[in-house]
Amino acid sequence: MKLFPKSAFARTVALLALILLINQVVSYVMVSNYVVKPSIEQINELVAKHIRTMFIPRQHSPETERELIERYREETGIEIFNDSQARENGLINSTYYGYLSDDMSLMLGGEAIVRVSQGNEFFIWVKPPKAPDFWIRVPLESMQKGQFSPLIMYLLLIGVSSVLGGMLFANWLNRPLKALEESARKVGRGEFPEQLQEKGASEVMAVTRAFNHMSKGIRELENDRNLLMAGVSHDLRTPLTRIRLAAEMMPEDDTLAQGIVEDIDDMNDIIDQFIDYVRLDQQEKSSRESLNELIEQTVANVPDSWEKHFELALGNLPLVWLRPLSMKRVIVNLLENAERYGKQNVLVSSGYNKKQKSVWFSVSDDGPGIPEEQQAKLFQPFMQGDKARGGVGSGLGLAIIKRIVDRHDGCITLTNRPEGGLCVRIELPLQAVSKVTKQAD
């Protein structure tokens, strides 16, 4: 377990707390040694002088001696008790202090015991060496009216205030970084947020300014690419349409004409895939949908010309935030691949991972599968790693799926089944998907 935090906010707060702790410890030692300890020593010395005064030999009559003792008690508040009387008057609630006892023993010239009782009243109890059967109780009015631990309260107050101030400072310092992180996630999903406000520390402002410049450049590049693809697709479809019309005017039994028409259809499909890869329904908003219903609707509407048998094994899923048209495109592309490369059966499964708070679905076929060394390259545009599966298509199918899944903060994995075939699994985190929805709205 690593105790050192990873985030900049937590590290800043931890650093401030560590510096504050060191400062508090040093302050406590300095104040206790040079302020509190001398004060306690002075009090202890004052008490010792009072006790020595009580044992000065005097030559008075017993009546006069008792009168002097009574007046001394009234003026100073110092009282003398035997052991039983002392216990009745609060000795049992007092605390023994070895340091004060040793210091008092030196001052009185013999072994003395010092105890301190706290509460509504503050007393110092002393068992003097010249009267070991008695306890002398000395009240301290100044300590009674004040607080016994002002230093600790002061340090706690300063410590809490400093930590709260450090947290506010760290939060102010890291708030622009949080906004920068959210905007970077949007750009990574193909979205382009508004320009960030340049605020915070000078270093953070410089990073924000560079990010805004980068985001603006990427947006312009994306717009240029869309415009280029729209122009290319329009310019290509016009001559393809004329060629198709010319081919259809040829005799019906002409195999060359049929081949031309089929090639034109394939070229139109490839152009559609190019456009799908570039656009990816960027204007589509997310909504809370049932993933199982999308799967069922898509499987129910497969073309009649498809020959594979599709089997559903759907689990209980919560409603999730997603872009329904984009997710349908993912399902359709996976089903097309399974229809193209599978032998007989296609299994579509779904489930809910409550611990990881994510939903998943998979499409499994019984075809030849794909070698593991080729699987990582399949998500790159125009990469065809399906030599073992026929080598058909433009190489954009899985790339389109990968981009859509990434925009939902999900992940896609390919696995060769032990019994033969390929399993494609899509996993969508619930929390991240809901964030995508709010940002899209």
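Worth a mention:
- FRET E, pair Ser305, Leu221, Förster distance 35 Å, beta-carbon r, rounded to 0.05: 0.30
- Gain in span if fully extended, Gln24 to Leu325, counting 0.36 nm per residue against the direct Cα distance: 102.3 nm
- Using a Förster distance of 56 Å, the FRET efficiency for Ser202-Leu314 (Cβ separation, nearest 0.05): 0.55
- Two-site label geometry, Glu262 and Gln344: point separation in nm, points 7 Å out along Cα→Cβ: 2.7 nm
- Packing here is the average count of other Cβ atoms within 10 Å per residue, and on that basis the peptides 41-54, 293-306, highest first, run 41-54, 293-306.
Since every read-out is calculated from the coordinates, none of them should be taken as a lab result. Predicted, not measured: the structure shown is a model, and the values here were computed from it. So basically every Cβ, Gly included, is an ideal-geometry build from the backbone, and we count neighbours across all protein chains shown.
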